[in-house]
1. Whole percent per 5 Å bin, from 0 to the bin with the longest distance: what is P(r) over all C-alpha pairs of the range 255-332?
2. Would you calculate, for the chain, the mean residue ellipticity at 222 nm contributed by helices, counting each DSSP H stretch of 4 or more residues as -39,500 (n - 2.57) and dividing by all residues, to the nearest 500?
3. Debye calculation, C-alpha points only, no solvent: report log10 I(q)/I(0) for the range 233-275 at q = 0.16, 0.23, 0.34 Å⁻¹, in the same order as the q values.
4. Express in whole angstrom the spacing between the alpha-carbon centres of the range 10-48 and the range 127-206.
5. Can you put 312, 285 in order, fewest other beta carbons within 10 Å first?
6. Starting from the exponent 0.38 and prefactor 2.2 Å, build the expected Rg for the range 286-327 from its residue count and divide its actual Cα Rg by it.
7. Counting C-alpha atoms alone, how compact is the range 173-318: give Rg to one decimal and Dmax as a whole number, in angstrom.
8. Starting from the Cα gyration tensor of the chain, take the square roots of the eigenvalues, sort them a ≥ b ≥ c, and report rounded, prolate or oblate (rounded when a/c is under 1.5, otherwise prolate if a/b is larger than b/c, else oblate).
């Protein structure tokens, strides 16, 4: 699929890029992978790891800058859109900046990809885009809608867009596990609400879902990975079994439980062995057999939420994962 092809990752110095890059280089033989991001120091640090690989390139730029995107996308075959303002409280207190990156940036990327003849684009979404209650989720829902409609917006061009949606990434920078690990040094962990549940996924599984989306997509699909849930107190126990818990209340814009497929989406959602696929409601694409393939329609009113999930991760399993990955938790 990627053999001798050119790939660009927006926001490529983040946690996803640090996993997608080595996995894709090892499994495929791309001609070039470009890391597109605005932080020169993160690029400098990442280049130390891959600077000797002629297939890896770095490009300073911001998705807010359409002209820069247009230049960066010249000759690119595949794009993974990972750039986003994504910390929930940060978005609540800086809404204009969140909109500029997550919505305006998506529009810029769609336009530039069509203009430059990019073949396939997969945008990373989040569970917070389903029935959003915070600004970050609302901007990502808008972004998802833009990428879905981008397939029509492309007109006669061959550029096609799809979306991948998954939950909290275990051990990624800024996530709850490295936060708890730092707090554990004090012997006390801050728990927002003991009833809270979250979806849990590893970066490696997220990358594999991206690969599948590129192979499977016709255009406009939202791929939702089947992943386990955990209660926040169980996450805390896995990180620091003997630490005290201090209940601090839900932060601005935070949900008690996460959702990746809403009951409203159920009318256009199909189930597969390892994922779901939300098909577009527009242009009768949700009844297109090329998009449905071997999927089975979910019942009307179906919802995929962290508190009603049928798959759960226990404390011991997470502890084993933490021990195996301790060196890289929170580092990327």
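Just so you know, all these numbers are worked out from the coordinates, no wet-lab data involved. Being a predicted model, the structure only gives us computed values, none of them experimental. Positions of Cβ are generated from backbone atoms using ideal geometry, with glycine treated the same way; all protein chains shown enter the neighbour counts.
1. 3, 13, 17, 17, 13, 12, 10, 10, 5, 1
2. Details: 12 runs with 117 residues, N = 332.
Calculated from helices alone, the mean residue ellipticity at 222 nm is -10500 deg cm²/dmol.
3. -0.73, -0.90, -1.17
4. Between the Cα centre of the range 10-48 and that of the range 127-206, the gap is 19 Å.
5. On the way: 312 14, 285 20.
Exposure proxy ranking, most exposed first: 312, 285.
6. Numbers: Rg = 17.6 Å, N = 42, 2.2 N^0.38 = 9.1 Å.
The value comes to 1.93.
7. In Å, with Rg to one decimal and Dmax whole: 18.0, 56.
8. Values: a/c = 1.65, a/b = 1.24, b/c = 1.33.
Because a/c hits 1.5 or more and a/b fails to exceed b/c, the chain counts as oblate.
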